[in-house]
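Read-outs throughout are calculated quantities, based only on the coordinates presented, and are distinct from any laboratory measurement. These numbers were taken from a predicted model, which means no experiment stands behind them.
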Amino acid sequence: MVTTTTIDAHGKSSKSMFPAKYDGKPYPVNDLGEATALALRKVDDRTAAITVTHAGTVIATAERIISEDGNTMTITNKTVDPPGEDVSVYDRQ
């Protein structure tokens, strides 16, 4: 089970959970926008790659990197249609 908890700048917390392993295989998801499956893959000790699909078609990818000191997490999201990219940086409090 993968659990993510995010807290926005206003202190609002949101949590999502889904069954998945870091094995590169797609796992079904619900309540995640247009996504119907996520595939997670461990690249190295600090990097994970995520592929987001809808009905078997890739709609987005993401890469999550944890800094060497473990205090910063950078997530780069790329969408397919429309093409786009955004980068989020989180610092441990």
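Tally the residues that are within 22 Å of residue 92 (Cα to Cα), more than 14 Å from the chain's Cα centre (by Cα) and of a type outside the set (Gly, Ala, Ser), restricting the search to segment 1-45.
6
Condition first: farther than 21 Å from residue 53 by Cα and under 13 Å from the mean Cα position of the chain (by Cα). Now tell me which residues in segment 72-87 satisfy that.
Residues satisfying the conditions are 73, 74.
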